[in-house]
Amino acid sequence: MVPYCYAAGLCLGVLGASGSAHAQLPAGFPCEPLTCSNLLPATPVDDPATNDCAYRAGNLWWVDYVAGSLAWSESARTKPLTVAVFDDGAWIDHEDLRNQLWTNEAEAHGRAGVDDDGNGYVDDLHGWDFVDNSPDVSPKGECRDRISHGTLMASLIAAERNNRVGIAAPGSDGARLMILRVVGCSGAGTQADPARLVRALDYATRMGARILSFSAHWNATSPELDAAFRQIADRPGSAVAAIVVASVPNKGEPAAGYPAAYDFRRIVRAIPIGNDDMISPGTSPAPAGLNLGAPSACVIGASAPPSRYRVEQGSSNSTAILAGLLAGIWSSPRYAKLTADEFLATVVRGRMSATARRSKPGSRPPYLQGVPLADACLLATEHRLARVCRQPETH
């Protein structure tokens, strides 16, 4: 087993200072404007009635950067996509998450202590803890007393919109969160256990997840894990086909790590973008394929108690934002009936990857020509235009 490495670097202060987020952030955070959030003017774009305070304060620059508001609906989506979050668990009672969860209806309407749907997991209401083999998907042990990475990632995918608090995410309307705890905070739980990941992948796809979000990476694998990812992310006509959104680390690692290192057709890699359309300078080389730039710096997300929100930076953020954006677009009426391969061909490869809007050139291969920047501008119409769908710039 090898370390399961998160890609986000902690940025607790407004400009990344170390120390306590609770002590350094403004008293009204996240409702007071933050200096570092002014990377793109971020006033409400397509939904002036949106009342999430961080959005109205102009702090969600990353939502505007990917034109995430274009993925928001005037009415509830009839069938949001299930996004599986592979992480350290999540505080599912958080105000921005509790109404955004995938729910196993058989267990919700079944009997406590009984495997009502016969899937081998008892009372798996919103996912499963594969570290402690439990239906309780909250962070445990030492994780209870430290920052919850999974809570932040879940909020960047699908934080609830128009609940008068906190943030909104690109997948607010179109994504529902399946929480899979695949790593802990101490001992063997901190390792990337291939057998554990195989079980989690099997669970996610059997229970209907269509996007699998990995805001982490590891550097060793196994034949069984390779086969599981190949079945999900590469095999033509697979009954468990899903889109894997994979983090590309930005801490100077020589290789991207798995699952981004796989060259499978259904893997979409998140390339971290900071200020001024620049690729994060420490970003690892990624294989050729579906590589899309998404915001990484000065990103506000949900936090574990007692702090409700915090600011972070890193490609973990890019991954979750991209996963939520894809869910928001895929669940829209125009694309909701597409299979995973059809959506990738029509939208991700056919539109997003082909956009003229690109990052600035990176400092090393394969980023010397920049990367296409992920956004939802393909949803814009003459009746629904976003000012953030700006003309491509020449870099």
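The values are calculated or read from the model by the stated rules, or taken from the named source; none is laboratory data. This structure is a prediction, so every number in the text was calculated from the model and none was measured. Don't worry about glycine lacking a Cβ; one is built from the backbone with ideal geometry, like all the others, and counts go over all protein chains shown. Please note that ligands, DNA and RNA were not included when accessible areas were found on the heavy atoms of the full protein model with its side chains. Shrake-Rupley method; radii C 1.70, N 1.55, O 1.52, S 1.80 Å.
Each part reduced to its alpha carbon centroid, the stretch 318-395 and the stretch 110-126 end up 38 Å apart. The apolar share of the surface of the stretch 331-389, taken as the fraction of accessible area on carbon and sulfur atoms (1.4 Å probe, ligands and nucleic acids excluded), comes to 56 percent. The packing ranking of peptides 313-326, 54-67, 98-111, highest mean first, is 313-326, 54-67, 98-111, where packing means the average number of other beta carbon atoms within 10 angstrom of each residue. Its Cα gyration tensor gives the stretch 264-326 an equivalent ellipsoid, and the semi-axes of that ellipsoid, as √(5λ) in whole Å with the largest first, are 24, 14, 9. Highest mean first, the peptides 373-383, 300-310, 356-366 sorted by other C-beta atoms within 10 Å per residue fall in the order 300-310, 373-383, 356-366.
Sorting 288-295, 205-212, 174-181 by average packing, meaning the other beta carbons within 10 Å per residue, from highest down gives 174-181, 288-295, 205-212. Determine the shape class of the stretch 218-342: with a ≥ b ≥ c the square roots of the Cα gyration tensor eigenvalues, call it rounded for a/c under 1.5, and otherwise prolate if a/b is greater than b/c, oblate otherwise. Because a/c hits 1.5 or more and a/b fails to exceed b/c, the stretch 218-342 counts as oblate. Rg and Dmax of the stretch 271-376, both derived from C-alpha coordinates alone, stand at 15.0, 44 Å. Ligands, DNA and RNA excluded, the heavy atoms of residue 276 present near 90 Å² of accessible surface to a 1.4 Å solvent probe.
Note on the stretch 329-395: semi-axes of the ellipsoid equivalent to its C-alpha gyration tensor, largest first and rounded to whole Å, are 25, 17, 7. The sum of -39500 (n - 2.57) across all DSSP H runs of n ≥ 4, divided by the residue count of the chain, sets its helix-only mean residue ellipticity at 222 nm to -5000 deg cm²/dmol. Per residue, the accessible area of the chain comes to 38 Å², computed with a 1.4 Å probe over protein heavy atoms only.
Placing R0 at 56 angstrom, the Cβ-Cβ distance between residue 341 and residue 165 gives a FRET efficiency of 0.90 after rounding to 0.05. If the cut-off is a Cα-Cα distance under 25 Å, which lysines reach residue 251, setting aside same-chain residues fewer than 8 apart in sequence? Counting by Cα, and skipping residues close in sequence, residue 251 has these lysines nearby: 360.
Largest accessible area first, the listed residues 53, 31 line up as 31, 53 when surface is computed with a 1.4 Å probe on the assembled protein chains. A crude spin-label estimate for the pair residue 112 and residue 220, with each label 7 Å from Cα along the Cβ direction, gives 4.2 nm.
Excluding same-chain neighbours fewer than eight residues apart, the lysines reachable from residue 337 by a Cα-Cα span under 18 Å are 79.
Directionally averaged projected area (the chain, Cα convex hull): 17.7 nm².
The stretch between residue 191 and residue 76 holds 37.5 nm of extra length on full extension. This uses 0.36 nm per residue minus the Cα-Cα distance. Globularity index of the stretch 67-210 is 1.04 (Cα radius of gyration / 2.2 N^0.38 Å, N = number of residues). Overall size of the stretch 78-148 from C-alpha positions, given as principal axis extents largest first: 34, 31, 18 Å. Each other residue within a Cβ distance under 12 Å of residue 212 adds +1 if Lys or Arg and -1 if Asp or Glu, for a net charge of 0.
The accessible surface of the stretch 89-193, taken with every protein chain in place and a 1.4 Å probe, is 44 percent carbon and sulfur.
Within the listed set 76, 242, 297, the Gaussian network model of the chain (springs between alpha-carbon atoms below 10 Å) gives the highest mean-square fluctuation for 76.
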